[in-house]
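Heads up, the thing below is written out as structure tokens.
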Amino acid sequence: MSKHVVAAVADIPPGSRRLVTVRGRPIAIFNIGGEFFGLFNRCPHQGGSLCDGILTGLVESDEPGQYRTSREGEIIRCPWHGWEFDIRTGQSWCDPAHTRARAYPVEVAHGESLVQGPYVAETVPVTVEQDYVVVEA
């Protein structure tokens, strides 16, 4: 897989998302508390846009009538039929044994490391003032 710069870190603040296209593939990038995750932007159920879904948490229950929520903002709900996926892994909460959204590795790379290359050429002073979000696809 090759790596692609898709946005500056500041362009995707915590709790937000951004749709990017990498090599013709729509990928939804999510920022959960400063960590970045990528999911193929099509729900595997019937193709709804996951980037347009509702961010929610996990509802858990040990007994009837008692429930609690956890992992707030880490679950994406497809806007078409409500199928839910773990943003960190792509795991489906509707059919975990058979269905998952494709997850893409995402990393934050410092601008300096993106400028370096294997070739030597005449250079001029350059400063990098921000970090970038990089998707491996």
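The values are calculated or read from the model by the stated rules, or taken from the named source; none is laboratory data. What you see is a predicted model, and the numbers here were worked out from it, not measured in a lab. Because the Cβ atoms are built from the backbone with ideal geometry, glycine has one as well, and the counts that use them run over all protein chains shown.
Looking only at the range 52-99, count every residue that is outside any strand (DSSP E or B) and within 15 Å of Ala28 (Cβ to Cβ) and tell me the total. So the answer is 10. Please go through the range 32-46 and pick out each residue that is exposed (fewer than 15 other Cβ atoms within 10 Å of the Cβ) and either at pLDDT below 90 or charged (D, E, K, R) (or both). Within the range 32-46, Glu35, Gln46 meet the criteria. One residue alone among Asp52, Asp86, Asp62 is more than 20 Å from the chain's Cα centre (by Cα) and modelled with pLDDT of 85 or more, and that residue is Asp62.
Yes/no matrix, rows are residues, columns are (1) more than 26 Å from Asp131 (Cβ to Cβ); (2) touching a Leu at 6+ places or on another chain (Cβ under 7 Å); (3) β-branched (Val, Ile, Thr):
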site: Arg17; (1), (2), (3): no, no, no
site: Leu50; (1), (2), (3): no, yes, no
site: Ile54; (1), (2), (3): yes, no, yes
site: Arg71; (1), (2), (3): no, yes, no
site: Ile76; (1), (2), (3): no, yes, yes
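The combined condition, being in a strand (DSSP E or B), more than 8 Å from the chain's Cα centre (by Cα) and surrounded by 13 or more Cβ atoms within 10 Å (Cβ to Cβ), is fulfilled by Leu19. Here is a list of conditions, (1) surrounded by fewer than 18 Cβ atoms within 10 Å (Cβ to Cβ); (2) within 24 Å of Gln130 (Cβ to Cβ), and Ile29 meets all of them except one; can you say which number that is? It fails just one condition, (1). Looking across Ile12, Ile54, one residue alone is exposed (fewer than 13 other Cβ atoms within 10 Å of the Cβ), under 25 Å from Trp80 (Cβ atoms) and hydrophobic (A, V, I, L, M, F, W, C). It is Ile54.
When each of Ile12, Ile29 is tested for being farther than 14 Å from Gly90 by Cα and touching a residue at least 60 places away in the same chain (Cβ under 8 Å), the lone residue that passes is Ile12.
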